[in-house]
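Enquirer: One structure is given below, represented as structure tokens, and several questions about it will come after.
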Amino acid sequence: MHGVSRRPKIAVIVDSVGPYHAARLRAAATRAEIICIEVAATSAEYAWPRGAQLAGVPRIVLGNIFFHLS
């Protein structure tokens, strides 16, 4: 079959993408089709810069700010 990808398809859900997440997702994207589902673009818990670079990895952001409830 032509045009059919044999790479696994993986969705990763995270609270907010930070530099560590971005690096791991970019690396995983070399071996699989990755989509990042981000709960919020920023976090009240972590001071990561907004919108870590995910070159080549599609991203869906569900909200603007994530508050950790405990």
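Enquirer: Identify, please: which residue in the stretch 6-65 is buried (at least 16 other Cβ atoms within 10 Å of the Cβ) and basic (K, R) and is, among those, nearest to the chain's Cα centre (by Cα)?
Expert: Across the stretch 6-65, the extreme among qualifying residues is R59.
Enquirer: Of the residues S43, S16, which single one is modelled with pLDDT of 80 or more and polar (S, T, N, Q)?
Expert: Sole residue among the options that is modelled with pLDDT of 80 or more and polar (S, T, N, Q): S16.
The values are calculated or read from the model by the stated rules, or taken from the named source; none is laboratory data. Note that the coordinates shown come from a computational prediction; the quantities given were computed from them, not determined experimentally. Here the Cβ is made from the backbone with ideal geometry for all residues, glycine too, and neighbour counts use every protein chain on show.
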